[in-house]
Amino acid sequence: MKVPLLDLKPQYLSLKNEIDEAVQRVVDSQYFINGPDVAKFEEEINSYLKVKYSVGVTSGTDALLLALMALNIKPGDEVIVPTYSFFATAGVVARLNAIPVFTDVDPVTFNMDPKDFERKITSKTKVVIPVHLYGQSAEMDEIVSIAKKHNIKVVEDGAQAIGVQYKDGRFVGGIGDIGCFSFFPSKNLGGFGDAGIVTTNDEELYKTMKMMRMHGMEPKYYHKIIGGNFRIDTLQAAVLRVKLPHLDSWSAKRRENAELYTKLFIEAGLAAADGMTSFDEKNKVLLPKAVYKETGHKNYHIYNQYIIRVEKRNSLLDYIRKNDIGCDIYYPVPFHRQECFSYLNCNDEDYPVSNCAANDSIAIPIYPELSNEQIKFVVDTIAGFMKEEMKYPMECKHCDCMKN
Ligand SMILES: *Cc1c(COP(=O)(O)O)cnc(C)c1O
């Protein structure tokens with residue numbers, strides 16, 4: 001049996017007629033830049049995420065860059081980001097000649113550790129970028145309240161978390177000052193190429209970002225501020241408008257897949273009976289934990305990725321790939337260990353949880369259209385590996401991150 005990490009075709013085929021029609025409509029109009037689908041898509045995102053404003057942009061990376069530009073980040077300013085995320089979160093900071101300052105992450109959610117955020121604040125700190133990694137909200141109440149106390153702006157990196165709700169049901173992207181989302185094809189809401197969006201409830205920031213999307217131009221050929229070309233393609237907006245109404249059902253299917261994994265890993269004796277992150281002698285796979293599961297709203301976790309942790313990660317990776325199962329490591333190298341950031345002279349020992357996660361985590365297939373048989377095959381394959389390879393229970397030799 002073959003189980004790819006992601007297969008985009010079934011989702012396209014399920015909406016083929018509507019999507020083809022939307023694409024054809026844009027092609028017929030030849031209205032490729034700022035066409036009517038762009039404004040309509042933004043309105044639909046506003047009402048879906050319950051935010052006042054949004055601006056469609058070229059990618060999730062540009063969403064982050066635009067947010068920092070709109071907040072007037074200057075060379076030498078410090079921006080605090082988790083060391084464990086996709087590169088864009090830190091890359092945009094350095095591109096503005098500002099200084100990325102890294103925090104360690106929480107051992108259960110892999111999201112920014114609020115205490116480490118507070119520790120890293122200096123008089124130069126202007127912005128904090130919590131990432132809602134894998135499809136679960138960062139600890140926003142603590143982060144926002146610390147940020148307010150120090151007059152720091154909050155830019156949410158929700159690239160993997162569109163539609164995610166926090167604690168009382170607030171949508172991520174509307175909690176901080178600016179929210180940033182990506183429609184890269186592998187995200188829960190994926191375009192047919194690159195696209196992204198910024199969201200905000202602040203009218204001034206909205207106006208600034210909208211102007212900056214078009215080179216800071218207003219009126220035409222008069223430039224008040226320096227922006228860039230950050231426009232979303234009309235074609236992408238048209239495709240995304242067809243997909244948006246289905247997003248919640250796809251995310252629900254990912255949650256169902258996650259619950260089936262949990263059940264099967266427990267039944268196979270590979271995970272603790274609570275299914276989650278508790279550690280005991282027999283525990284050989286640590287499963288992801290949805291920390292807001294009991295909050296009563298539906299999108300507590302949208303599982304953009306399903307991450308397990310195992311001691312012999314690299315051997316397992318080879319083994320399951322040999323068995324035709326797709327998997328990947330998100331992420332093998334935290335920012336503080338990246339060559340391009342060596343000039344920051346980070347202290348490796350400052351990031352024990354991220355260093356462990358980089359060594360032992362592995363993403364297995366979770367996309368909505370997976371069949372139950374495929375999920376069972378993945379668990380059976382991992383069980384087969386454990387039988388052959390795992391002589392000892394899992395334990396982190398560096399810190400207590402496995403003991404939560
Ligand atoms: C995908 C991603 C981005 C970048 O989005 P692009 O659309 O690929 O530019 C930024 N941050 C995180 C956490 C991501 O997963």
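The values are calculated or read from the model by the stated rules, or taken from the named source; none is laboratory data. Quick caveat, the model's predicted, so the values are computed rather than measured. A quick note on method: Cβ atoms are made from the backbone with ideal geometry, for glycine too, and the neighbour counts reach across all protein chains shown. Note: areas computed on protein heavy atoms with side chains; ligands, DNA, RNA excluded. Shrake-Rupley method; radii C 1.70, N 1.55, O 1.52, S 1.80 Å.
The figures follow:
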| read-out | value |
| --- | --- |
| Charge-dipole axis of the chain as Lys and Arg at +1 and Asp and Glu at -1 on Cβ define it, positive-most pick from Tyr222, Ser182, Val131 | Tyr222 |
| Loop trypsin sites (Lys or Arg not before Pro), the stretch 281-319 (other Cβ atoms within 10 Å of the site Cβ: 12 or fewer; DSSP) | Lys282 |
| With Cα atoms, 0 to 90° folded angle of helix 16-29 axis to the chain main axis | 20 |
| Rough spin-label spacing in nm, given labels placed 7 Å along Cα→Cβ, for Glu349 and Ile226 | 4.2 |
| Selection of trypsin sites (Lys or Arg not before Pro), the stretch 140-249, meeting DSSP coil and at most 10 other Cβ within 10 Å | Lys220 |
| C-alpha long axis of helix 247-267 to longest principal axis of the chain, angle in ° | 10 |
| Candidate aspartates and glutamates for bridging to Lys120, where Cα separation is under 17 Å - those fewer than 8 sequence places away on the same chain excluded | Asp77, Glu78, Asp104, Asp106, Glu139, Glu142, Asp348, Glu349, Asp350 |
| Cα-based convex hull volume of the stretch 9-245 per residue, rounded to whole Å³ | 119 |
| In nm, spacing of pseudo-spin labels at Leu13 and Lys167 (7 Å Cα→C-beta vector) | 4.5 |
| log₁₀ of I(q)/I(0) at q = 0.12 Å⁻¹ - the chain, Debye sum with one point per alpha carbon | -0.96 |
| Degrees, to the nearest 10: 313-322 long Cα axis against longest axis of the chain | 90 |
| Extension gain from Glu218 to Lys293, taking 0.36 nm per residue of separation minus the Cα-Cα distance | 22.4 nm |
| Ranked order, Ile19, Ile121 - accessible area, probe 1.4 Å, largest first | Ile121, Ile19 |
| Amide H partners (placed H, <5 Å) of Tyr31, local residues excluded | none |
| Gain in span if fully extended, Ser123 to Leu260, counting 0.36 nm per residue against the direct Cα distance | 44.5 nm |
| The chain: calculated mean residue ellipticity at 222 nm from DSSP helix runs of at least 4, using -39500 (n - 2.57) | -11500 deg cm²/dmol |
| 11 Å beta-carbon shell around Tyr53, net charge (K/R +1, D/E -1) | -2 |
| Accessible area (Å², per residue) of the chain, counting only protein heavy atoms and a probe of 1.4 Å | 43 |
| Pairs from Lys74/Lys149; Lys284/Lys322; Lys153/Lys243; Lys298/Lys322 whose Cα-Cα separation, in the structure shown, is over 30 Å | Lys153/Lys243; Lys298/Lys322 |
| DSSP-assigned coil residues among chymotrypsin sites (Phe, Trp or Tyr not before Pro) in the stretch 119-179, each with at most 16 further Cβ atoms within 10 Å | none |
| Charge dipole magnitude, Cβ of K and R +1, D and E -1 - the stretch 247-389, Cα centre, debye nearest 20 | 300 |
| The stretch 1-22 versus the stretch 81-136: alpha-carbon centroid distance in Å | 34 |
| Protein accessible area in the chain, 1.4 Å probe - carbon and sulfur % | 51 |
| Debye, to nearest 20: dipole size of the chain, +1 on Lys, Arg Cβ, -1 on Asp, Glu Cβ | 460 |
